[in-house]
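Taking it in order: structure first as structure tokens, then the write-up.
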Amino acid sequence: MNARLTVLAALALSLGASLAVAGSTLDRVQKTGVLTNVLVNDYPPFGFIDSSNHLAGFDVDVANAVAKRLGVKLKLETPGWETIVGGKWQGRWDLCICSMTPSTERAKVLDFAAAYYSSPAVLIVNKDDKAIRSIKDISGKKIGVGTGSSYEAYLNKTLQIPGAKPITYSFTNVQPVPSDETVAFQNLALGSGVRLDGVVSDLATARARIKETGKFKIVGTLYREPNWVAVDKGDDAWKAKVAATIAALRADGTLAKISKKWLGEDITKENF
Amino acid sequence: MGNAAADRLVSHSPVLDAASEAGVHPAGAVNPHLNSQFNLGRRFRLRVGLTWLSLLGILGFAFAHMGMDFSLIRQKLPFLLGLSLSPDGFIQGAALTLFITFWAMLFCCLIGVLTALGRMSANPVAFALATFYASFFRGTPLLVQVLLIYLALPQVGVELGALSSGIIALSLNYGAYLAETIRGGVLSVPPGQREAARALGMPRWVIGWKVVAPQALRIIVPPAGSLFVSMLKDSSLVSLMGLWELNFLAQSYGRSTYRYMEMLSTAAAIYWTMSIVFELLQVRLERRFGKAYASD
């Protein structure tokens, strides 16, 4: 049976196994000249696959600008969200310009280097809905959210954004329905109260969806939601470098330009 | 005694034959001795074909009336099929799905045979290793296995790429199932066959290769074919690690264009087409191992 184990090990090795490279992210990026950024592939207009089958969007442009300023090549990867937010990247990825909102939970496994845009959370309902006019009206209703999202934490009244004002909650007994966000919107499109009464999501992505489908409307802005650039835990030099790069891109107007291109307004101003 | 057993194994039932030929394969091997049986087989196949076409027509009609955006499907279809490379220069879409499935099938067969041997071995360590492995990989969800291999192994210093993790997870998971299928096939060969071969003084490997394997494969091929069709579709789980295979692209396009149903139905159609090719291959293999008997 030793022979069998050897065969398995050889298979694993021939498939490209390599031992984890220890050492800091900054060293690796400088040595290899490649910056590996993770982002979400189905989150327009921030990250999506465009009609020519390339990754595009606000986050892609920001990542490109960061790589350009650092003088390195950009590599984009699109692993599942749960593998990103779990931390312990083990040197697979260097950076997450991926529209992530910091929370005290996430800050335990990831470091947040710099805020790069802020887009508020909003409440979206079916366009024919007449009962829900503001966030107060969702008491006792079924509200869809992405599983593991900050919006789910918001409905559960457990959301704490580090460095931001505590959030006030003006609803009671909401039934949060966590699922895939795309599925949640499909459900909401079936009609008010059929499967869901509303969805909590992000303003910019909701606007893009409404423009394209015409099936929903926004009835309330809930709280400011800063989105930060995240890095793996434990490399302060890299974190500082990323923070300085983002600050420089904000100062020279690059961020504002990218924001206007994708969203028609500047959502990257400081003072989140 | 051996001959009687072999006769029993190769004895044919016309109804079963017609059913297996009628599957989806156009040209069937037909018993030339009985003309009426020939006609029966042809009529059967014709009716099966017509029924298939009607069902497909109903399905197509239903989809055509769902208000889907077919221009989007036309635009995305070449990418979903994997006719071009992904932005980072690797194969994508259905091509990547087939690539992953092909390698996983290969390793799965290897693991399956080794495990089946261990499972039938008199050596307690080999038996324990084989049963432990099969029990673990059959008893835990594939999704969990994919994540363990991709996320937990790096914690102990083994860092695998997304593609290798996916292929290893699929091979290990399906290898455990295939081992039982193989074992079932080997056990179905009557012991008399081996006894007779030994009496003729055949060496062990010849007995295994020429006597047991051909008879066992006849039993193994149908369930193994089923497993591989299932594996083809389970390969979509590796999209979790950011591999741009068929399911990943379909989900991604569907969400980004807010046309989820279009992309999911297209992916389903492509998976189904690939499965049909697998099934056709399976029918050929079945016929091959069935024939070897009949002509002996």
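Name the single residue that is surrounded by the fewest Cβ atoms within 10 Å (Cβ to Cβ) among those in segment A:32-46 being within 16 Å of A:C96 (Cα to Cα), at the interface with chain B (Cβ under 9 Å from one of its Cβ atoms) and not β-branched (V, I, T). It would help to see each step written out before you state the result.
In the first step, residues of segment A:32-46 are kept if they are within 16 Å of A:C96 (Cα to Cα); the result is A:34-43, A:46.
Now drop any that are not at the interface with chain B (Cβ under 9 Å from one of its Cβ atoms), which leaves A:38, A:41-43.
Cutting the leftovers down to not β-branched (V, I, T) gives us A:41-43.
Details: A:N41: 27, A:D42: 20, A:Y43: 24.
Looking at the filtered set, the residue picked out is A:D42.
Of these, A:A243, A:A208, A:A248, A:A237, which one is out of contact with any helix residue (DSSP H, G or I) (no Cβ under 8 Å at 6 or more places or on another chain), among the hydrophobic types (A, V, I, L, M, F, W, C) and farther than 21 Å from A:G57 by Cβ? So that I can check it myself, show each step before the final result.
On the way: A:A208 fails: farther than 21 Å from A:G57 by Cβ; A:A248 fails: out of contact with any helix residue (DSSP H, G or I) (no Cβ under 8 Å at 6 or more places or on another chain); A:A237 fails: out of contact with any helix residue (DSSP H, G or I) (no Cβ under 8 Å at 6 or more places or on another chain).
None of the others qualify; the one that does is A:A243.
Let me confirm something: among B:L172, B:L151, which residue is at pLDDT below 95 and within 14 Å of chain A (Cβ to nearest Cβ)? Lay out the reasoning, then the answer.
Working: B:L172 fails: at pLDDT below 95.
Answer to the selection: B:L151.
Among the residues of segment A:149-181, the one identified as within 14 Å of chain B (Cβ to nearest Cβ) and part of a loop (DSSP other than H, G, I, E, B) is A:D180.
Listed conditions (1) surrounded by 21 or more Cβ atoms within 10 Å (Cβ to Cβ); (2) more than 30 Å from A:G87 (Cβ to Cβ) are all met by B:S135, apart from (1).
Of the residues making up segment B:94-116, those that are surrounded by 18 or more Cβ atoms within 10 Å (Cβ to Cβ) and either of a type in the set (K, R) or over 30 Å from B:L80 (Cα atoms) (or both) are B:I111, B:G112, B:L114, B:T115, B:A116.
So, in segment B:77-96, of the ones that are of a type outside the set (A, V, I, L, M) and out of contact with any Phe, Trp or Tyr (no Cβ under 8 Å at 6 or more places or on another chain), which residue ends up modelled with the lowest pLDDT? I'd like the intermediate steps shown before the answer.
Pass one, segment B:77-96, residues of a type outside the set (A, V, I, L, M): B:78-79, B:82, B:84, B:86-90, B:92-93.
Then keep just the ones that are out of contact with any Phe, Trp or Tyr (no Cβ under 8 Å at 6 or more places or on another chain); that gives B:78, B:82, B:84, B:87-89.
Working: B:P78: 94, B:G82: 94, B:S84: 89, B:P87: 86, B:D88: 81, B:G89: 87.
For segment B:77-96, the residue satisfying everything is B:D88.
Taking the listed residues B:R204, B:R218, the one that is at pLDDT below 95 and either surrounded by fewer than 18 Cβ atoms within 10 Å (Cβ to Cβ) or under 13 Å from the mean Cα position of the chain (by Cα) (or both) is B:R204, with no other qualifying. The set of residues from segment A:40-72 being part of a loop (DSSP other than H, G, I, E, B), touching a helix residue (DSSP H, G or I) at 6+ places or on another chain (Cβ under 9 Å) and either of a type in the set (V, I, T) or without any contact (Cβ under 8 Å) to a residue 60 or more places away in the chain (or both) comprises A:V40, A:N41, A:D50, A:S51, A:N53, A:H54, A:V72.
Scanning for something over 30 Å from B:L148 (Cβ atoms) and β-branched (V, I, T), does segment B:225-235 turn up at least one residue? So far as segment B:225-235 goes, no, none of its residues is over 30 Å from B:L148 (Cβ atoms) and β-branched (V, I, T).
Go through A:D129, A:D111 for me and flag whichever is assigned to a loop (DSSP other than H, G, I, E, B) and among the charged types (D, E, K, R). Break it down into steps so the answer makes sense when it comes.
Working: A:D111 fails: assigned to a loop (DSSP other than H, G, I, E, B).
Result of the check over A:D129, A:D111: A:D129.
Hey, does segment B:148-166 have a residue that's of a type in the set (G, A, S) and under 30 Å from B:R284 (Cα atoms)? Yes, there is a match, as at least one residue in segment B:148-166 is of a type in the set (G, A, S) and under 30 Å from B:R284 (Cα atoms). Could you please give the count of residues in segment B:191-209 that are under 24 Å from B:M105 (Cβ atoms) and not aromatic (F, W, Y)? Total satisfying the criteria: 1.
Return the residues of segment A:73-85 that are part of a strand (DSSP E or B) and aliphatic (A, V, I, L, M); say none if nothing qualifies. Before the answer, list the steps.
The first filter runs over segment A:73-85 and keeps only residues part of a strand (DSSP E or B), leaving A:73-77.
Result: A:L74, A:L76.
For segment A:100-127, name all the residues that are within 14 Å of chain B (Cβ to nearest Cβ) and either under 14 Å from the mean Cα position of the chain (by Cα) or buried (at least 23 other Cβ atoms within 10 Å of the Cβ) (or both). Passing the criteria: only A:I124.
Annotation note: Cβ proximity below 9 Å between a residue of segment A:90-106 that is not assigned by TED's automatic domain parsing to the domain that holds A:K73 and a residue that is outside any loop (DSSP other than H, G, I, E, B) and of a type in the set (S, T, Y) (sequence gap 6+ or interchain) occurs for no pair.
So that you can scan it fast, the table gives a plain yes or no per residue for (1) of a type outside the set (F, W, Y); (2) modelled with pLDDT of 95 or more; (3) assigned to a loop (DSSP other than H, G, I, E, B):
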position: B:N3; (1), (2), (3): yes, no, no
position: B:H12; (1), (2), (3): yes, no, yes
position: B:D17; (1), (2), (3): yes, no, no
position: B:A27; (1), (2), (3): yes, no, yes
position: B:H33; (1), (2), (3): yes, no, yes
position: B:L55; (1), (2), (3): yes, yes, no
position: B:M66; (1), (2), (3): yes, no, yes
position: B:L72; (1), (2), (3): yes, no, no
position: B:Q75; (1), (2), (3): yes, no, no
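The helices (runs of 4 or more DSSP H) found entirely in segment B:190-294 that carry 2 or more residues being within 24 Å of B:A95 (Cβ to Cβ) and not aromatic (F, W, Y) are B:213-234, B:246-257, B:260-294. Quick check on B:V144: is it modelled with pLDDT under 95 and either facing chain A (nearest Cβ under 10 Å) or in contact with a Lys or Arg (Cβ under 7 Å, 6 or more places away or on another chain) (or both)? So B:V144 does not fit the description; no.
Among the residues of segment B:240-290, which ones are polar (S, T, N, Q) and either touching a Cys at 6+ places or on another chain (Cβ under 7 Å) or within 14 Å of chain A (Cβ to nearest Cβ) (or both)? Reasoning before the result, please.
If we filter segment B:240-290 for residues that are polar (S, T, N, Q), which is where we start, we get B:247, B:251-252, B:256-257, B:265-266, B:273, B:275, B:282.
Correct list: B:N247, B:Q251, B:S252, B:S256, B:T257, B:S265.
Is it the case that A:A184 is surrounded by 19 or more Cβ atoms within 10 Å (Cβ to Cβ), part of a helix (DSSP H, G or I) and of a type in the set (G, A, S)? Considered against the rule, which asks whether it is surrounded by 19 or more Cβ atoms within 10 Å (Cβ to Cβ), part of a helix (DSSP H, G or I) and of a type in the set (G, A, S), A:A184 comes out as yes.
For B:R255, indicate whether it is touching a strand residue (DSSP E or B) at 6+ places or on another chain (Cβ under 6 Å) and among the charged types (D, E, K, R).
In short, yes.
The values are calculated or read from the model by the stated rules, or taken from the named source; none is laboratory data. This one's a predicted model, so the numbers in the text were calculated from it and none came from an experiment. As a convention, Cβ positions derive from the backbone with ideal geometry for all residues, glycine included, and neighbour counts pool all protein chains shown.
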